[in-house]
Every structure is written in structure tokens, then in C-alpha cells.
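Asks: One structure is given below, represented as C-alpha cells, and several questions about it will come after.
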Amino acid sequence: MGKNLTRKILEEHLVVGDYIPGKEIGIKIDQTLTQDATGTMAYLQFEAMGLDKVKTELSVSYVDHNTVQVGFENADDHKYLQSVAAKYGIVYSKAGNGICHQVHLERFGKPGKTMVGSDSHTPTGGGIGMISIGAGGLDVAVAMGGGEFYITCPRVYKINLTGQLKPWVTAKDVVMKMLEIFSVKGNVGVIMEYGGEGMKTLSVPERATITNMGAEMGVTTSIFPSDDETRKFLKAQGREGDWVAMDADADAEYDKIIDLNLGDVEPLTAAPHSPGNIVTVSSMAGTKVDQVIVGSCTNSSYKDIVTVAKIMKGKKAHPDISFGVAMGSRQVMQMAAKEGYLADLIDSGARILESACGFCIGNHQSPKTDAISLRTNNRNFEGRSGTKSAQVYLISPEVAAVSAISGVFTDPRTVGMEFPDVGMPDEFFIDDSMFIFPKDAVFKEVYRGPNIGNPPTNDKLADSIVGEVTLKVGDKITTDHIMPAGARLKYRSNVPKYSEYVFEPVDTTFPTRSMKNKEAGKHNIILAGESYGQGSSREHAALCPMYLGVKAVIAKSIERIHAANLVNFGIVALSFKNQEDYDKVKQGDDIEIPNIKQKIMNSEPVILVDKTKGLEFELEYNFSQRQKEILAEGGLLAYTVK
């Protein structure tokens, strides 16, 4: 049998292990990207490794998250990032240049290459034929230093696309249909590989929308072949030389094949408070709306923005609607300005927002109390918008535009308007002046503002964990629950300060109770339900709990990136052998996990002793030998520099 595309690329980059699905492998990484919310800590960790330069083919540091500079912290971090980039041979993308995933797709992505990024939506690169994976910042730092990136050798699902999208139905609807099929959990260790005749009808930006939001399914990444459509995109970006044809063999093997007829897809929306809560737009029609925002790394391409501008031309946003548009890159904004589309948007009453992540991470444009907000981004977790009571619906740019005009949730198929079929330009406007390339960088010294500290370290794994269940939470606890984004992100370089907000949306007393236990010599344990740690790759969701003395997380299931981050910071990830035992252990119970270090290193069963109730429960774990050694050292940084 032939090989699928995923296997071809991974085997070409395989450094450690054998290509056996379910087993750990280490792969060579060609490119890395970071963004300012996670990159500061990644570069602090890279500095701690004592290397002179990055070892990758390309590493890019983007500033796109915390561009609203209230106070000195964000500006200081940006200066730190620029100076570190100059010292270590990293390309620096200045604030205002655009969102990392959109810009990287435009200017640097290459078919057949591997990339890790310190952002969970790094799989956007799969739209151009890359194995592009989101990871914690420490994993990215190791990759920048030339180290292997470790993943579970994946199961590969083929999504066989047939037919063609009908007018007013979009790639956003396709990926929401995928979320309806697969949900947001249970897909760990899977790569989605798209193919079929229907794939050929999708442009690179449309493919990138699908791979971007594929992250919400919890898969390792998603990928499209590199074909003539890919070549046309790269040629229009002045990068035809980066193109190579890449596809699966005709007789390739897959673990599962799903057929999806694009002609059967209709406009969809993800209702509050999960990207997997999919309903039809037609079922929501007529619902009053308060806010509509277009943008984010999912839907802010040239095609998306021009489509919205064409719908809005000669029309006005409804008086009751707060309407904003954030273009994904400076390139998109420049082209929209030169071609008149920016004027059409401004004339419609749109507020033109910075080319950045802002509203998607709750950093601005928070809706009013109890608002219904329609957004083209990828996540609608409770409170992520910055307003806990807001009801956020994820929609396509087309639904966003027609709803902004009507003031209510509107199915665009019903408006009687000619569908604005926007094609790809033959040439994109190229202006790379807001990149600072290593050859042009002037380095004097690394700038460190007062908000920047050294990365905290953990103790080596204790022989036994003895403490209490400091917090018990339910299902679908996201990294936003664990480590709030929005305004709190400005403390990302100051772990002691940022740690004051761990679990702020869940239990504001957690940090003080945890620190009290730590100071008393007691270990903190978190008990969780299914799909713990879904969402962002934000490693602070492991780093800050580690700082507070959390030694173990016992959950029904843990999502891939967060599980890796827990190991990276020396926190033991465990699960109950019998899921019903979760209900028997309560917050506040005194517990002990005796001889845990010995048992893990020897692959023996681990026992949880609930001293409060006088009960014992068997726990399970799934660590590679490498991960066991990392835990024993207290985390990946200590393991790497020992």
C-alpha cells in the first residue's frame, strides 16, 4: 500500500523512533513561530539553554496579541522580543504587521516543511501543505535550539471532499460541519488529511480556515495537499520558487475515511459556549444581535475582507450594531486600501480595528452585558470575549456582513443579494518593511523591563505526593479558565504576578490557598473531568500552577498540548482507572500518592490514597520513557540543560 501525505512528511523528518501509530516519535523542525503572549517566556527559556543562535531554517517572532499598550508591560516585552530576535538570528514581525498565522501563510509557509508554533492555531499552515503543529513555548524553544519535537505518531483520517460549495456557504461552514461530526474531544493523536475532487475547488485561504479551526477538534494538526491551487497562491505572493507538489499516493492507507459532500453543507454557527455546539444559521434567524466583528486568524484573509466589503458597499450597519473589522495582515489592509474596499467598509460604519488578535482573546471590543455577539473567530468559550455574560456565536464573514446590516441573525441565502464571488488576485501587494530580518537587525543588548523575570524552575519529582485536592472542576475546562487571557496577559513575563490569577474565572481563592499549602510543605492536586486543558497552547496554564505548587492533575482526559505542557513543567498527569472514582474524591480531601516516582519509572500501577475517606483508587498514566525522565528532573528545561 502507498503512503498518505502525513506519513511522507513525518518520515522525511523522523529523527527518533519508528513510524508506528500510538508510539512517541521525535521529528526535525524546519520552522518555528511565536507570538508575543507566549513568545516572551519561550525566548527566556531559549536564553536559559545557553545557545548562540537558533538552529532552524527559519524562526519568526510575531507581535500580534498584546498590541493594546496600556501600561509599560506590553511595550517592554515587545522591545525584549525585538532585541532577542536580533541577538539569536530570528525574524521579528513588528506590531501592526498582522496576525502570525495569516502573515506566515502569506510570506514564509512552504509545502512539505515542518513547523511548531507557540500558538494552538499554528495548524493554519496545513492549508499550504505543511505539518504545522501548535505547542507550548518550551517545546518551541527546544526546537529553535535544534532539538527534536516529540509527538505521538498519529492516526491519520482522510476527509474525502466531493462536490462544491453552494453560494453563501463557506469554508467556515465546512470546518463547523467537521466539528459537528467529530466534536471537540476524543480526537487526540489524530491528523486530519483532506483530499478528494472537492478539495480542488477550495483556495488556500479557504483551506487555511479549515486547518486553523481544526484545532478546536483537539487533533494534532490538519493538512491539505500542495497542488496547483497552492502554486497559484505562492506565485501571487512572489514565492513560486517555494512551491513543491505534494500529495498522498493513490493507494494510501488511512485509519478512517470520512466522505463529505461540500454541496450538502449549509451556513452553520457555533453557539455558546463551545466551538462544538453547532446549529444552523437558519434556526437562529431573526435573533436580535448587539455586536458583529470580522477578523481573527480564522477569517481575515484578502478573500474574507473583500467579500465583506462587497456585501457592505452602499449599505450601512444597523444602528443597534457595534460593527468592527480587523484585517489579518498589513498586506490585506494595504490591498483593501489601494482597491477601495477599505473605504467601502468605513462608509458602512465599520470600526477598523488593528491587524491583530485583539478581540479574539478578549483584549478589546468586549461586548456589553448579556450581549449577543457574532464573531468570525474560532473560540467562544464563556468569558473569553471579556464579558462573562455575553453570548458569542461563531459565524462566517458572509453571515457577519448580512447580520450587521439587518441587526438580527440572518441566513445570507435569504437576503436576495447577488453572491459576491471573490477570486484570488493574480498578484498580492508585497511590502516586507515591517519585518526586521537578522541581516538588518542592530543588536546592542537584550532589553529587560521590570516586568520580565527568569523562568521559574521546579523541584525534581518527589518520591511521594502528599497534600490535598486543592481544586475539583468539571468537564471542558479550557486554558482560559486556568490562565485568563485578555487584560491579564500583560503579566505573561512575570510568573509570580500572573500566578495570582490562576483559575480566576473558576475560583478566585485558588492562588492564595495553593500558595499557603506550598509554604506549609503540602502538595496541591487538581481533579478534573473530561477534556481538561482544551483551547490555547498557553503554557502558563501549566507553568503558573507549577509555581503555586501543583504536583499532579488527575483528570478523566487531558487535551494534547496541555498534557505535554504539564510534563514540560514537572506536573504529573494522571487519570482514574475507573472513571466513576472521580465522583468519590472531593475538593479538600487529604490525599497521598505514595512512591509515585518509583512506580512511574518502573511502569507500575499508581495508587491514590484518600486519607479523608479512607479509600484507595488506582490511577493510570501514559508517559514515554523520555517523559518519565523529564518528570524525574522536574521539567523539560532542567532535563534539557542538565
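The values are calculated or read from the model by the stated rules, or taken from the named source; none is laboratory data. If you're wondering where the values come from, they're calculated on a predicted model, not measured in any experiment. Please note: Cβ atoms are built from the backbone with ideal geometry, for glycine as well, and neighbour counts cover all protein chains shown.
Asks: Could you give every pair whose Cβ atoms fall below 6 Å, whose first residue belongs to the range 176-195 and is modelled with pLDDT of 95 or more, and whose second residue is of a type in the set (Ser, Thr, Tyr), counting only separations of at least 6 or pairs across chains?
Replies: Sorted first by the residue in the range 176-195, then by its partner, the pairs are Val190/Tyr157; Ile191/Thr6; Ile191/Thr220; Ile191/Thr221; Met192/Tyr157; Met192/Ser222; Glu193/Thr6.
Asks: Still on this structure, please answer the following. In the range 572-608, what residues are without any contact (Cβ under 8 Å) to a residue 40 or more places away in the chain and either in a loop (DSSP other than H, G, I, E, B) or assigned by TED's automatic domain parsing to the domain that holds Asn187 (or both)?
Replies: Scanning the range 572-608 gives Asn602, Ser603, Glu604, Pro605.
Asks: Using beta carbons and a limit of 8 Å, which pairs, at least six apart or on different chains, have the first residue in the range 469-496 and within 28 Å of Phe72 (Cα to Cα) and the second one in a strand (DSSP E or B) and of a type in the set (S, T, N, Q)?
Replies: Every condition considered, the pairs that remain are Thr479/Gln534.
Asks: Can you find a residue in the range 222-232 that is closer than 23 Å to Gly189 by Cβ, hydroxyl-bearing (Ser, Thr, Tyr) and either touching a strand residue (DSSP E or B) at 6+ places or on another chain (Cβ under 6 Å) or not in a helix (DSSP H, G or I) (or both)?
Replies: Yes, the range 222-232 contains a residue that is closer than 23 Å to Gly189 by Cβ, hydroxyl-bearing (Ser, Thr, Tyr) and either touching a strand residue (DSSP E or B) at 6+ places or on another chain (Cβ under 6 Å) or not in a helix (DSSP H, G or I) (or both).
Asks: Would you mind listing the strands (runs of 3 or more DSSP E) fully within the range 82-137 where at least 2 residues are over 22 Å from Ile191 (Cα atoms) and in contact (Cβ under 8 Å) with a residue 60 or more places away in the chain?
Replies: Passing ranges, in order: 91-93.
Asks: Something else: Please tell me if Pro505 is at pLDDT below 95 and outside the structural domain of Gln35 (by TED's automatic domain parsing).
Replies: Yes.
Asks: State all residues of the range 435-456 that are among the β-branched types (Val, Ile, Thr), assigned to a loop (DSSP other than H, G, I, E, B) and either within 25 Å of the chain's Cα centre (by Cα) or surrounded by 16 or more Cβ atoms within 10 Å (Cβ to Cβ) (or both); if no residue qualifies, say none.
Replies: Val446, Ile452
Asks: Scan the range 502-517 for residues that are assigned to a helix (DSSP H, G or I) and either without any contact (Cβ under 8 Å) to a residue 40 or more places away in the chain or among the charged types (D, E, K, R) (or both) and jot them down.
Replies: Passing the criteria: Pro511, Thr512, Arg513, Met515, Lys516.
Asks: Out of curiosity, is Val103 aliphatic (A, V, I, L, M) and in contact with a helix residue (DSSP H, G or I) (Cβ under 7 Å, 6 or more places away or on another chain)?
Replies: no
Asks: Kindly provide the set of residues from the range 1-18 that are in a loop (DSSP other than H, G, I, E, B) and either touching a Ser or Thr at 6+ places or on another chain (Cβ under 6 Å) or over 17 Å from Arg626 (Cα atoms) (or both), ordered by number.
Replies: Selection gives Met1, Lys3, Asn4, His13.
Asks: Name every residue in the range 138-157 that is small (Gly, Ala, Ser), part of a helix (DSSP H, G or I) and touching a helix residue (DSSP H, G or I) at 6+ places or on another chain (Cβ under 9 Å), in order of residue number.
Replies: Ala141
Asks: Which residue pairs have Cβ atoms under 7 Å apart, sit 6 or more places apart or on different chains, and have a first residue in the range 326-348 that is in contact (Cβ under 8 Å) with a residue 24 or more places away in the chain and crowded, with 24+ Cβ neighbours inside 10 Å and a second that is among the acidic types (Asp, Glu) and part of a helix (DSSP H, G or I)?
Replies: That search, which allows pairs on different chains as well, returns Ser329/Glu106; Gln331/Glu106.
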